[in-house]
């Protein structure tokens, strides 16, 4: 079987569904959990206008509660006929990292959808009790009756982004961190990414943004918006603590090329006004958007840069509506919309 027998579609490829894990861990949003379910209702409603939405819930009680929250929301975009609740236990809500990484496998002339069961260790063992999260892909594979492939490497969905044409974006700060795969070299990690995701070239960024407890997930920094274009968060204030890292990543992207040797189209995204909680900076970024079939959900932070970010991203998705979702409370959990979602391609 060749390295290219597996293929991870880019996020803008047509989805069958979006997967979410309903919030329940109070410690993720200390003292501010109360507004979080309503934000999930808003996300779910917009997503249901675009495609199926599959939501992991803990048990029957949560299933009934979530169903009532959605049904009684009155959100004009809500399509309850497209929302499906599954009793799949989770430790937390970051479905991008613990959820199923769907890829397409070609074998014997046939094409089939499979789930990559990467290992998950709560971002290098930062949080206890992640066994339920680590078991999510296996449970969803059983539910959907899809093949499961276990590469044996720790990998979170937020640490990678693909363009569907052989390129993968990631960061040294995350994938080379010894708290993930200490026995694997940079070259070995690249080999695994190429083998199981159908990519041919890995583009490495450096450090992540301040406040990101994932050790530098790329979905807080830079994202493909088409096969040749990357939008990247850039900080222009030399006094800002994100300035050095983001300027360096911007410089690196200008040095990279596609498989044909052509330079990438690199587009700047602003950074929002810094968001703090109890004196600590939170990882607020506009790069943490999610591309669905007919919409793009983009995090906003109650500042003037919100509209600029929406306009920049909207230019690349003329057939999708970019919808701003206020993530000022969500980001207290150290993530935003892309961190909470995971696409299931049509396959």
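Annotations
- Summed over segment 156-188, the residues that are closer than 25 Å to residue 340 by Cα and in a helix (DSSP H, G or I) give a count of 7.
- Residue count, segment 313-328 (criterion: closer than 17 Å to residue 339 by Cα and either surrounded by 17 or more Cβ atoms within 10 Å (Cβ to Cβ) or out of contact with any strand residue (DSSP E or B) (no Cβ under 9 Å at 6 or more places or on another chain) (or both)): 5
Conditions tested, residue by residue: (1) under 22 Å from residue 338 (Cβ atoms); (2) within 17 Å of the chain's Cα centre (by Cα).
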site: 154; (1), (2): yes, yes
site: 194; (1), (2): no, no
site: 198; (1), (2): yes, no
site: 226; (1), (2): yes, yes
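- Of all residues in segment 304-321, those satisfying the criterion of being farther than 19 Å from residue 221 by Cβ and either assigned to a loop (DSSP other than H, G, I, E, B) or touching a helix residue (DSSP H, G or I) at 6+ places or on another chain (Cβ under 6 Å) (or both) are 304, 317, 318, 319, 320.
- Restricting the search to strands (runs of 3 or more DSSP E) fully inside segment 45-149 and requiring at least 2 residues that are surrounded by fewer than 16 Cβ atoms within 10 Å (Cβ to Cβ) and touching a strand residue (DSSP E or B) at 6+ places or on another chain (Cβ under 9 Å) gives 83-87, 110-116.
- If only residues of segment 280-299 that are farther than 20 Å from residue 49 by Cα and touching a helix residue (DSSP H, G or I) at 6+ places or on another chain (Cβ under 8 Å) are counted, the one that is surrounded by the most Cβ atoms within 10 Å (Cβ to Cβ) is 285.
- Condition met for residue 29 (in contact with a helix residue (DSSP H, G or I) (Cβ under 6 Å, 6 or more places away or on another chain) and within 16 Å of residue 99 (Cβ to Cβ)): no
- Matching residues in segment 1-15 - criterion: being touching a residue at least 12 places away in the same chain (Cβ under 8 Å) and either more than 18 Å from the chain's Cα centre (by Cα) or closer than 19 Å to residue 97 by Cα (or both): 1, 3, 4, 5, 6, 7, 8, 9, 10, 11, 12, 15
- Any hit, segment 44-51, residues being more than 28 Å from residue 216 (Cα to Cα) and touching a helix residue (DSSP H, G or I) at 6+ places or on another chain (Cβ under 6 Å): yes
Where a number appears in this text, it was derived from the coordinates with a stated rule and is not lab data. For clarity, every value in this text was computed on a predicted model and none was experimentally measured. All Cβ positions, glycine included, derive from the backbone under ideal geometry; neighbour counts span all protein chains shown.
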